[in-house]
Amino acid sequence: MIVLASVISDFDVFFSKYAKDHNHRNLITHSIIPSIIIFVFGIIFYWPALIISGFSYFIHIFVDLFDWGTNVLYFPKKTFGPRFFISKEEEEKLPQYLDQYKSPASFFDFKYYKSKISVTIEILLFILMMILILLLAFEYILITLLYFLGLYFHLSRHFHLKKIESS
Ligand SMILES: [Zn+2]
């Protein structure tokens, strides 16, 4: 349940069309509000796993602040965060940058995979995850299958986009 809470908010991509700029991170599911609600329910029902789920949901939103940013306070409808992957200039002229690609998603996808930092962090986190699970929670080892499922989804999308752009 705790692991589920940390990834569930990304399923809001299916509702992207309702979001500002069609960015799923502008939806309420990528704000701080759901983690607070989960946390409060965890306190009310005195359910430790639910309290920790509130935290894991929050950590996801927190991490999302650092790459592209997210609409963390929801109400001002504005994207927040250090947003290391996107410069001020790119942000202001984003439509022009997106127009350089056949699919707008390529702009974000290629930036991620071209960045040595993001790929290094990805590999380090993977190693850390495997060590922690092997040492502390071996009975949950099958949960890592979810990671490989996600990895497969992202890599296949990456190569799909590459094919589109080079065609
Ligand atoms: Zn996210």
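Here is how the numbers come out for the structure above:
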| item | result |
| --- | --- |
| Number of positions in region 29-66 that are within 13 Å of the ligand (Cβ to nearest atom) and either part of a helix (DSSP H, G or I) or among the basic types (Lys, Arg) (or both) | 15 |
| Failed item in (1) loosely packed, with under 10 Cβ neighbours inside 10 Å; (2) modelled with pLDDT of 80 or more; (3) under 26 Å from Ile32 (Cα atoms), with Phe75 passing the rest | (2) |
| Residue in region 81-95 that is surrounded by fewer than 17 Cβ atoms within 10 Å (Cβ to Cβ), in the same structural domain as Phe110 (by TED's automatic domain parsing), more than 16 Å from the ligand (Cβ to nearest atom) and of a type in the set (A, V, I, L, M) present | yes |
| Flag for Leu98 being touching a residue at least 40 places away in the same chain (Cβ under 8 Å) and either part of a helix (DSSP H, G or I) or under 27 Å from His158 (Cα atoms) (or both) | no |
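A quick yes/no check of all residues on (1) within 22 Å of the chain's Cα centre (by Cα); (2) modelled with pLDDT under 80; (3) in a helix (DSSP H, G or I):
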residue: Glu89; (1), (2), (3): no, yes, yes
residue: Lys102; (1), (2), (3): no, no, no
residue: Phe110; (1), (2), (3): yes, no, yes
residue: Met130; (1), (2), (3): yes, no, yes
residue: Tyr152; (1), (2), (3): yes, no, yes
residue: Ser156; (1), (2), (3): yes, no, yes
residue: Phe159; (1), (2), (3): yes, no, yes
residue: Lys163; (1), (2), (3): no, no, yes
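The values are calculated or read from the model by the stated rules, or taken from the named source; none is laboratory data. Just so you know, these numbers come straight off a predicted model, no measurement behind them. Cβ coordinates were reconstructed from backbone atoms using ideal geometry, including for glycine residues, and neighbour counts include every protein chain displayed.
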